[in-house]
Every structure is written in structure tokens, then in C-alpha cells.
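Here it is, the structure in full.
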């Protein structure tokens, strides 16, 4: 669920159906707290960004409907991974960082936004209907492909988008 923002946005029934046991299993809730905080901060950042009111239709659609994707990419850039089964203390430290320094994430959200925009505009299918793209499971796979490329490609992406992991 944490890696499929299109499900969270467009297929909420999955949360209460097939994914319910995974989410509400009684295990650590910290990954969901980190995700929720990032999602909230990404939504706020997007709502107040120039992208939300700009002339570019694709940018405006992403700003209005792509916050889960931006948050997911930002989480990967910030954490360096999509792995959520990590030490609970580390997750709690990430929560504290999010709560104490939300402004630190402004640059990361901008880079995540530009990466998502590039993924959408580089695909004829996504570019033809960005609104449909942000609801698409195919976009989740395209984001995976972009994030999980070889280490050399990942370094190139980080350099291209001006981000180096802490």
C-alpha cells in the first residue's frame, strides 16, 4: 500500500478489502505515520506552489491530484529506499525529523514533483491524459522503474534533480 499511491487515491475500497489485514496487522504503525506526514506536507506544499495555479495543464493536474505520488517519490529520495520494515527507532527518528523540520522537505518535494512531471511527460500515454495517469497503476510501475534503476542511473537522477541523500 505504501508503494501504490494510485490505490490510495483512486481505489480506496482496497484499504478496507484486500489490503486491510496488511495495514491493520498490529505491527509497527510508524511507516504509516511517516507516510501520512509526508503526504500532508506534500499536499500543503503543492497547494501553495506556483504549479497549482500555473498555465501548464500537466503541472496543475499533478499539483491538484498527484500529492501521493510526490510524497512517495520524496520519501524515496529522502530515505534512499522504499523499504519500510526497518528498525522502529529509526522510523521514530524519521517522524521526529518530519515534525521538527518540515521546511527541510521543500527542496525534496520540488525535486520529486519535477521527477514525476518528467515521468508523465516522457510517456505518450501519461502525457495524453495526466488526470488519468495519476490514478493509474501503470504510473506506479513507471515510478518504480525510475526509482529502482541501476545505481548508476539512480546517481544520475539524483544529480539531474539536484539531490544528494543525507
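Given (1) modelled with pLDDT of 90 or more; (2) over 20 Å from residue 149 (Cβ atoms); (3) surrounded by fewer than 22 Cβ atoms within 10 Å (Cβ to Cβ), identify the lone condition not met by residue 63.
Among (1) modelled with pLDDT of 90 or more; (2) over 20 Å from residue 149 (Cβ atoms); (3) surrounded by fewer than 22 Cβ atoms within 10 Å (Cβ to Cβ), residue 63 violates only (3).
While we're looking at this one, here's another question. Consider the range 113-146. How many of its residues are within 16 Å of the chain's Cα centre (by Cα), closer than 22 Å to residue 49 by Cα and part of a loop (DSSP other than H, G, I, E, B)?
2
The values are calculated or read from the model by the stated rules, or taken from the named source; none is laboratory data. It should be emphasised that the depicted structure is a prediction, and the values quoted were computed from it without experimental measurement. In this analysis, Cβ positions are derived from the backbone assuming ideal geometry, glycine residues included, and neighbour counts consider all displayed protein chains.
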